[in-house]
1. Would you point out the residue of segment 187-198, among those that are surrounded by fewer than 17 Cβ atoms within 10 Å (Cβ to Cβ) and touching a residue at least 12 places away in the same chain (Cβ under 8 Å), that is farthest from Ala74 (Cα to Cα)?
2. Answer yes or no as to whether Asp150 is within 14 Å of the chain's Cα centre (by Cα), surrounded by fewer than 20 Cβ atoms within 10 Å (Cβ to Cβ) and either closer than 17 Å to Lys67 by Cα or modelled with pLDDT of 95 or more (or both).
3. Out of everything in segment 158-195 that is of a type in the set (Lys, Arg) and under 19 Å from the mean Cα position of the chain (by Cα), what residue ends up being nearest to Glu46 (Cα to Cα)?
4. Evaluate the following for Glu122: is it of a type in the set (D, E, K, R) and assigned to a helix (DSSP H, G or I)?
5. Among the listed residues Pro130, Pro151, Pro116, Pro141, identify the single one that is in contact with a strand residue (DSSP E or B) (Cβ under 6 Å, 6 or more places away or on another chain) and not hydrophobic (A, V, I, L, M, F, W, C).
6. Are any of the residues in segment 61-76 at positive phi and at pLDDT 85 or above?
7. Among the residues of segment 8-26, are any of a type in the set (D, E, K, R) and touching a helix residue (DSSP H, G or I) at 6+ places or on another chain (Cβ under 7 Å)?
Amino acid sequence: MTVYDDKWSHAFGELPLVACELRLLLPERWVRFHSLPESKRYADTEAEYAEILRRQNQLIDELLGGKPGWMITASPPPHQSTDLSASAAQAVLDAQAELTERADLAILSALVGDAPTRMTHEYRPEHIEPDYPPGVLHGWPLRWHTGMLDPWLRLIADDERFNTLILDADFKHLIAPYDGGVDVIAATREARDQVRQRHRDWLSAHPSGT
């Protein structure tokens, strides 16, 4: 077990490290903020990218409180060949997944300034077939300063990467950017209400909060 596994288990028990599932499992602590005015999902201009990054950096600044934190990223399971007997095709898919994972780890190592730790926990979203191999989770120490993850956050905003969890030092607050916004799991209902009130202009108009 790594320090990341220990901290996760202490703070979240058996809950999965799957960003899109946590909001359903912790609704009393969850709030979603949209990335752009009028809930526009994707940026078309550099000004819109700048607004996405401004909002996301501001949320991370607030919830980390100017202190170091942690980041957990997932490498997805490789795509499965539709013909499981086609071993050559599956080998290509596996190789592509490995190359993507290596590239992502290199990018993040450069941004974070540290090497990752492979976690014992696995990335297994509920929609993945049980027979498929799980994805790999990596933990990163995060000596946070505004803007340090902007290239990675931009990839997420374009739906090119996913399932990145940013946590404060005690794993009490969790920030999960996605293509279209940010899901926040605050330490308590009261903390959730406070951050929601501060950024009420970024909320969805939908009754569900999504």
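1. Across segment 187-198, the extreme among qualifying residues is Arg198.
2. Details: within 14 Å of the chain's Cα centre (by Cα): yes; surrounded by fewer than 20 Cβ atoms within 10 Å (Cβ to Cβ): yes; either closer than 17 Å to Lys67 by Cα or modelled with pLDDT of 95 or more (or both): yes.
So Asp150 fits the description; yes.
3. Start the filter on segment 158-195 by keeping residues that are of a type in the set (Lys, Arg), which leaves 161, 172, 189, 192.
Remaining after also requiring under 19 Å from the mean Cα position of the chain (by Cα): 161, 172, 192.
Numbers: Arg161: 19, Lys172: 33, Arg192: 30 Å.
Here the answer is Arg161.
4. Taking the combined requirement at face value, the residue does not satisfy it.
5. Numbers: Pro130 fails: in contact with a strand residue (DSSP E or B) (Cβ under 6 Å, 6 or more places away or on another chain); Pro151 fails: in contact with a strand residue (DSSP E or B) (Cβ under 6 Å, 6 or more places away or on another chain); Pro141 fails: in contact with a strand residue (DSSP E or B) (Cβ under 6 Å, 6 or more places away or on another chain).
That would be Pro116, the only listed residue that is in contact with a strand residue (DSSP E or B) (Cβ under 6 Å, 6 or more places away or on another chain) and not hydrophobic (A, V, I, L, M, F, W, C).
6. Going residue by residue through segment 61-76, those that are at positive phi are 65-66.
Filter once more, so that each one left must be at pLDDT 85 or above: 65-66.
Among the residues of segment 61-76, at least one is at positive phi and at pLDDT 85 or above, which makes the answer yes.
7. For segment 8-26, residues of a type in the set (D, E, K, R) and touching a helix residue (DSSP H, G or I) at 6+ places or on another chain (Cβ under 7 Å): absent.
Rundown of residues vs (1) without any contact (Cβ under 8 Å) to a residue 24 or more places away in the chain; (2) touching a Cys at 6+ places or on another chain (Cβ under 7 Å); (3) not hydrophobic (A, V, I, L, M, F, W, C), yes/no style:
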position: Leu15; (1), (2), (3): yes, no, no
position: Phe33; (1), (2), (3): no, no, no
position: Tyr42; (1), (2), (3): no, no, yes
position: Asn57; (1), (2), (3): no, no, yes
position: Leu64; (1), (2), (3): no, no, no
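The values are calculated or read from the model by the stated rules, or taken from the named source; none is laboratory data. Since the structure is predicted, the reported quantities are computational estimates derived from the model, not experimental observations. Every residue, glycine among them, receives a Cβ derived from its backbone with ideal geometry; neighbour counts consider all protein chains shown.
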